[in-house]
Amino acid sequence: MGLPAVSAMEKHRSPMTMNPPRPQHAPAPPDRRGGGIDRLSWIILGLFLAASLLAALISYPIYRYNSNRLGADRAEREQDYAAAIRHLRPLTVDPARYGGQGWGFVRRLGEAHLALEQPSEAIEQFERLRQAVPDSPLDEQFAIAYAQQGEKEKAFEHLRRLLEREPENPAGNYMLGVERMEAGDWAAAGRAFYLTAADPRWDRLAQPHRRELARLVKGGQPVAPEQAKD
């Protein structure tokens, strides 16, 4: 059996044209090593952001503490006791976290309430302090608070203990002078008011009483302390 005849054109065809076409391949992905963010960079960025957030969470309580502490100091210097209360209240939610200074904030909060003649709020803070630190000297503060509240017996009991411990305490002697003056014991009142001179605040309050006592001793008609200010 003979082979099929080959045409003249097929005889002269190039061997290259006789090879079948090669399959087409998808282009290779671009090399990204030279730019963009790889996985390691994302991890580092995430760690940095987490550390920044943690630092902010740690520093915010410190910032708030310092802001309230300095604000309370400034308000007390300016005798703005309402502002002092606003700054001191957050510092007294958990006083133990600030050590001894924390209970100092409780005392200052009570004294700010006293300055605004809010005795029940003041007594609440002083009771907290006394329970936490039993040896705190608080007779002066309790005496003033109970006097403001009109509870004279409790006020006088704390006043008695205060003057036993500190006979020349200006606040105690001012309250004693008022009590002795009301009782008609002018000599004892005069001695007590004299001892207020060590504290400008209590000395200023005692001045009209001293002027009234001077008029009484000279035989003049007694006048109310408010009139004696004129």
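Points to keep in mind about this one:
- One residue from 150, 190 being under 19 Å from residue 126 (Cα atoms) and at pLDDT below 95: 150
- Within the stretch 61-72, residues that are farther than 15 Å from residue 101 by Cβ reach partners that are not hydrophobic (A, V, I, L, M, F, W, C) with beta carbons closer than 6 Å, at six or more positions or on different chains, in the pairs 71/87.
- Cβ-Cβ under 6 Å pairs, at least 6 apart or on other chains, the stretch 146-163 side under 17 Å from residue 136 (Cβ atoms), far side aromatic (Phe, Trp, Tyr): 158/142
- Test: residue in the stretch 172-194 that is touching a residue at least 12 places away in the same chain (Cβ under 8 Å), within 30 Å of residue 101 (Cα to Cα) and of a type in the set (D, E, K, R): no
- Residue that is farthest from residue 144 (Cα to Cα), among those in the stretch 91-105 that are hydrophobic (A, V, I, L, M, F, W, C) and in contact (Cβ under 8 Å) with a residue 24 or more places away in the chain: 96
- Elements of type helices (runs of 4 or more DSSP H) contained in the stretch 75-189, each with 3 or more residues being basic (Lys, Arg): 152-165
- Of the residues making up the stretch 139-154, those that are surrounded by 21 or more Cβ atoms within 10 Å (Cβ to Cβ) and either farther than 19 Å from residue 118 by Cα or not charged (D, E, K, R) (or both) are 141, 142, 143, 144, 145, 146.
The values are calculated or read from the model by the stated rules, or taken from the named source; none is laboratory data. Source: prediction; values computed, not measured. Note: ideal-geometry Cβ built from the backbone for every residue, glycine included; neighbour counts use all protein chains shown.
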